[in-house]
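Notes follow once the structure below has been shown.
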Amino acid sequence: MAYTESNMLPLGTTAPPFRLPDTVSGKDFSFDDIASERATVVMFLCNHCPYVIHVNPEIVRLAREYQEKGVAFVGINSNDVEHYPDDAPDKMKVLAHEVGYTFPYLFDETQEVARAYDAACTPDFYVFDGQKRLAYRGRLDAARPKTDTPLSGADLRAALDAVLAGRPVPERQYPSGGCNIKWKK
C-alpha cells in the first residue's frame, strides 16, 4: 500500500459541480442535490483501501451525528475498477450496506470529479459551508492503521463545529493520508 497525502485544494474554492450515480439507490445525484445550507462533506473513499477500512467506523458515527445537525455527506469512489475490481459499483453497494453508510456512495467512472477536487488519496475529506465554499480539507483525525491512536474524527469534527457555529475553521489543516487514487492508465 503506497501512502499518499492530500493535495490540499485552496480554501475558499467553490465546490466543483458533479452528477454521478449512487451505487446504493441507483439514482444520479449532483452536488446541489446533496448539499446542505449548513455544511456538506465530500469524501473520496473506496472499498479496498486499508486506511478507509480503518476509519469507516468513525465515518459512520460522525455522519450519523452530524446529519442530525443538518450536515450533508457524500462518498465518492473514483478508482479504476478495471484494475481494482473490488471497487466496482456492485461491490460498493454491498459495502455501503455492510458498513452502514447513511449517505450516497457515488461512482466516478471517468475520474473527472476526483480531478476537479484535486483528490489524491482515500480517504480524502472536504467540508463546504452553506455558500459552497471550501472551509476544510484534509484528514479525519490523527489515527492510522497499526497505530495506538484511537479514532475520534477530531479534525473533521472541529471543522464542522466551526462551520456550524459560523466561526472560521483554523487555517492550519493537516492533509489526509492513505492509498493513492487508482488512476486509469
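For the chain, the alpha carbon positions stretch 43, 38, 29 Å along the principal axes, listed from largest to smallest.
Summarising the amide proton neighbourhood of Asp28: residues at separation of 5 or more, or on other chains, whose placed amide H is nearer than 5 Å comprise Asp22.
Couplings 3J(HN,Hα) for region 157-162, derived from phi with the Karplus relation 6.51 cos²θ - 1.76 cosθ + 1.60 (θ = phi - 60°), are 4, 4, 5, 5, 4, 5 Hz, where x marks Gly and Pro. Evaluating 6.51 cos²θ - 1.76 cosθ + 1.60 at θ = phi - 60° for every residue in region 50-63, the Karplus couplings come out as x, 5, 5, 4, 5, 8, 3, x, 6, 4, 5, 4, 5, 4 Hz, glycine and proline recorded as x.
Helix-derived [θ] at 222 nm for the chain: sum -39500 (n - 2.57) over DSSP H runs of at least 4, divide by residue count, nearest 500?
-8000 deg cm²/dmol
Other residues whose C-beta falls under 15 angstrom from the C-beta of Lys27 contribute a net charge of -2, scoring Lys and Arg +1 and Asp and Glu -1. Phi angles across region 20-34 convert, under the Karplus curve 6.51 cos²θ - 1.76 cosθ + 1.60 with θ = phi - 60°, into 3J(HN,Hα) values of 9, x, 8, 6, 8, 8, x, 8, 8, 10, 9, 4, 5, 5, 8 Hz, Gly and Pro given as x. Beyond 25 Å in Cα-Cα separation lie the following of the pairs Lys93/Lys182; Lys146/Lys182; Lys27/Lys91; Lys91/Lys132; Lys69/Lys91; Lys93/Lys146: Lys91/Lys132; Lys69/Lys91; Lys93/Lys146. Note on region 7-45 and region 144-160: Cα centroid distance 22 Å, given to the nearest whole angstrom. Convex hull volume per residue, computed on the Cα atoms of region 43-82, equals 57 Å³.
Quick note: the coordinates plus some simple rules give every number you see, no bench work behind them. Everything quoted here is computed from the prediction, not taken from an experiment. All Cβ positions, glycine included, derive from the backbone under ideal geometry; neighbour counts span all protein chains shown.
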